[in-house]
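Rule-based calculations on the coordinates, nothing more; no lab input. Just so we're clear, the structure is a prediction, and the values are computed from it rather than from any experiment. Positions of Cβ are backbone-derived with ideal geometry, glycine not excepted, and every protein chain shown enters the neighbour counts.
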Amino acid sequence: MTTSPDDHTELLYNDDPYMTRATATVTEVSGEDVVLDRTLFYPEGGGQAADTGRVAGHQVAGLRRERVRLEQVGTGAAVPVAAVVMHTLPGHDLDVGDVVDLELDWQRRYDNMRTHTLAHLLYIAVSEHLQSRDLPVVTRGCQIEGEAARFDFSADIGAQSLPEIETRVRQLRDAALDAHIERQDSGLRLWRAAEFSIPCGGTHVTSTSEIGGDLHVRRRRKGRGLTRLYVSRHA
């Protein structure tokens with residue numbers, strides 16, 4: 001069975017990133033790859049690492065988006081708003097129409113949720129720092145997994161700026177800001193906390209107080225005009 005180009009996988013984590021169990025129906029099977037009508041599992045994207053877990057008792061060995069529909073955002077970037085999610089399940093015996101149980105590896109998801117929200121706080125702190133110096137805020141990529149995240153900024157951010165940036169990240173974390181996702185009519189999702197708004201398709205905690213840990217910011221020069229900043233929240 002093949003889905004039409006307009007079909008997509010319902011992403012349960014968009015409505016409830018704290019959900020850990022669900023059922024779904026198999027809609028496509030191609031070798032080890034299985035498509036479900038809905039999924040708990042976040043496939044890698046936007047810098048955030050993919051979830052892990054089990055489908056009908058089979059370990060999810062990989063996740064990827066296909067037939068992606070993109071939406072342009074104000075920064076000019078294209079953000080995925082709908083897709084079919086392929087689940088790679090080695091050794092499975094599933095057929096189209098099977099109803100299956102989904103089980104998420106919660107600790108990995110929760111670590112990524114906390115760190116993704118922390119990455120947004122780093123972005124806010126660096127944006128404020130650069131804008132106070134009349135410098136543009138341009139990023140060249142990010143990576144979020146486990147207890148650490150990194151952003152590449154198109155700016156020379158010196159070591160002397162790190163205490164100010166780290167202090168601001170801590171202030172935002174300790175302010176226990178309520179955070180939520182606002183979905184636009186186009187399908188675009190905006191992460192909002194207080195007066196801050198960032199386009200994002202990832203998973204997040206609902207309060208910055210959940211981030212926890214001992215926060216640290218460090219840097220690495222990646223060449224003239226490019227700085228990589230790391231933020232971690234070790235327990």
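Values as computed for the structure displayed
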{"quantity": "Sum of side-chain charges, T139 neighbourhood, beta-carbon under 14 Å (Lys, Arg +1; Asp, Glu -1)", "calculated": "+3"}
{"quantity": "Ellipticity estimate at 222 nm from DSSP helix runs (n ≥ 4, -39,500 (n - 2.57)) divided over the chain, nearest 500", "calculated": "-6000 deg cm²/dmol"}
{"quantity": "Relative contact order, percent, the chain [alpha-carbon distance under 8 Å, six or more residues apart]", "calculated": "19 percent"}
{"quantity": "Cα-based shape type of the chain, given that a ≥ b ≥ c are square roots of the gyration tensor eigenvalues and the cut on a/c is 1.5", "calculated": "prolate"}
{"quantity": "Segment 193-235: C-alpha gyration tensor shape, a/c 1.5 cut-off, then a/b vs b/c", "calculated": "oblate"}
{"quantity": "Förster radius 41 Å - calculated FRET efficiency between Q59 and S209 (Cβ-Cβ, nearest 0.05)", "calculated": "0.80"}
{"quantity": "Residue with peak Gaussian network fluctuation, the chain [Cα springs, cutoff 10 Å], from G187, G225, G202", "calculated": "G225"}
{"quantity": "Computed over segment 10-104: relative contact order in percent, which uses C-alpha pairs under 8 Å that are six or more apart", "calculated": "37 percent"}
{"quantity": "Computed E for V138/T25 - FRET, C-beta separation, R0 35 angstrom, nearest 0.05", "calculated": "0.25"}
{"quantity": "Ranking of R224, R21, R168 by count of other Cβ atoms within 10 Å, fewest first", "calculated": "R224, R21, R168"}
{"quantity": "Selected from Q48, Q184, Q59 as most flexible by GNM, with the chain as the system and alpha-carbon contacts under 10 Å", "calculated": "Q184"}
{"quantity": "In degrees, nearest ten, helix 106-131 long axis to first principal axis of the chain (Cα)", "calculated": "30 degrees"}
